[in-house]
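Engineer: After the structure tokens below, expect a handful of questions from me.
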């Protein structure tokens, strides 16, 4: 149906036009976002542009070892 096709087309556009990474600028406000689960951790480093929109500087993620999986969420993040 039309709604499903529109949603599919929107997802395709988001994949094709994924945001590019920007160079780190020490003069701009910086945001570090982290998340953790029982299996892995991830982080995103962003900076605010002149319009207060977040621009991505770097991504990081990895799986946890068996020992690290026993850590509390606070320790993982």
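Engineer: In whole percent, what relative contact order does the chain give with Cα contacts below 8 Å and a gap of six or more residues?
Structural biologist: Once normalised by length, the contact order is 25 percent.
Engineer: Determine, from the Cβ-Cβ distance of residue 66 and residue 37 and an R0 of 22 Å, the FRET efficiency 1/(1 + (r/R0)^6), rounded to the nearest 0.05.
Structural biologist: That pair, residue 66 with residue 37, gives E of 0.90.
Engineer: For the chain, what ratio Rg/Rh do Cα atoms give with a Kirkwood hydrodynamic radius?
Structural biologist: Numbers: Rg = 17.2 Å, Rh = 15.2 Å.
Rounded to two decimals, Rg over Rh is 1.13.
Engineer: State, to one decimal in nm, how far the label point of residue 51 lies from the label point of residue 74, with both points 7 Å from Cα in the Cβ direction.
Structural biologist: The two pseudo-label positions are separated by 4.0 nm.
Engineer: In nm, what is the difference between 0.36 nm times the number of residues separating residue 15 and residue 44 and their Cα-Cα distance?
Structural biologist: 8.6 nm
Just so you know, all these numbers are worked out from the coordinates, no wet-lab data involved. None of the values given here were measured: they were computed from a predicted structure. Cβ: placed from backbone, ideal geometry, glycine included. Neighbour counts: every protein chain shown.
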